[in-house]
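I have a structure here, written as structure tokens, and I will follow up with some questions on it.
Nothing in this text is a laboratory measurement; each read-out follows from the coordinates by a stated rule. Just so you know, these numbers come straight off a predicted model, no measurement behind them. We place every Cβ from the backbone using ideal geometry, glycine too, and count neighbours over all the protein chains shown.
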């Protein structure tokens, strides 16, 4: 997990210092605590799901996308994977864009400032749409 995720889950404070949550006071403590790592990633997954819901992305689960490289079905796993990389807000922006383009993806229609991020969102969604989550 990177610093932003560890901050979102309360293991790091806003200045990047370890908070001592669950007895974790250093990166070494974290790496030596697989049970805490599992707990932290589950907490982060919950945070991402709330953010995706607030961004309006979760309502599109089941939607079919005609992707740039292949068709994609929006799944919970796909959304979480994309949000983990680009943030829930950007995933929501990508889906809003596709909704306004009849769910057909084309890098040529992506806003120039968002093009690379939208391609990243789509790639993560395509690669992780069939993942099985607990």
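What ranking do 121-127, 20-26 get when scored by the average of other Cβ atoms within 10 Å per residue, highest first? Present the calculation step by step, with values, prior to reporting the outcome.
Working: 121-127: 21.9, 20-26: 14.3.
Order by mean packing, descending: 121-127, 20-26.
Ranked from highest to lowest mean number of other Cβ atoms within 10 Å per residue, what is the order of the peptides 46-55, 77-86? It would help to have the intermediate numbers written out before the result.
On the way: 46-55: 16.8, 77-86: 22.6.
Listed from highest to lowest mean packing, they are 77-86, 46-55.
Just to confirm the number: angle between the C-alpha axis of helix 115-128 and the first principal axis of the chain, 0 to 90 degrees, nearest 10?
Approximately 80 degrees, to the nearest ten.
How tilted is helix 34-54 with respect to the longest principal axis of the chain? Cα atoms for both, answer in degrees (0 to 90, nearest 10).
40 degrees
Under the classification rounded if a/c is under 1.5, otherwise prolate if a/b is larger than b/c and oblate if not, where does segment 79-118 fall, given a ≥ b ≥ c as square roots of the Cα gyration tensor eigenvalues?
Numbers: a/c = 2.23, a/b = 1.45, b/c = 1.54.
Verdict is oblate for segment 79-118.
Evaluate the distance, in nm, between pseudo-label points positioned 7 Å from the Cα of residue 53 and of residue 96 along their respective Cα→Cβ axes.
Label-label distance for residue 53 and residue 96, simple model: 2.0 nm.
While we're looking at this one, here's another question. How large is the helix-only mean residue ellipticity at 222 nm for the chain, computed as the sum of -39500 (n - 2.57) over DSSP H runs with n ≥ 4, divided by its residue count, in deg cm²/dmol to the nearest 500?
On the way: 6 runs with 69 residues, N = 134.
Theoretical 222 nm ellipticity from helices: -16000 deg cm²/dmol.
Give me the angle, in degrees from 0 to 90, between the Cα long axis of helix 88-99 and the longest principal axis of the Cα atoms of the chain, rounded to the nearest 10.
10 degrees
Using the alpha-carbon centroid of each, what span in Å lies between segment 75-116 and segment 8-39?
31 Å
So if each residue of separation counts as 0.36 nm, and I subtract the Cα-Cα distance between residue 69 and residue 28, what length gain in nm does that give?
Result for the pair: 10.7 nm of gain on full extension.
Further question: So for segment 25-104, Kirkwood radius off the Cα pairs, Stokes-Einstein at 37 °C and 0.692 mPa s: how many µm² s⁻¹? Don't jump to the answer; show the numbers that get you there.
On the way: Rh = 13.8 Å.
Answer from the Stokes-Einstein relation: 237 µm²/s.
Residue 61 versus residue 41, label points 7 Å from Cα toward the beta carbon: distance in nm?
My value for the distance between the label points is 2.0 nm.
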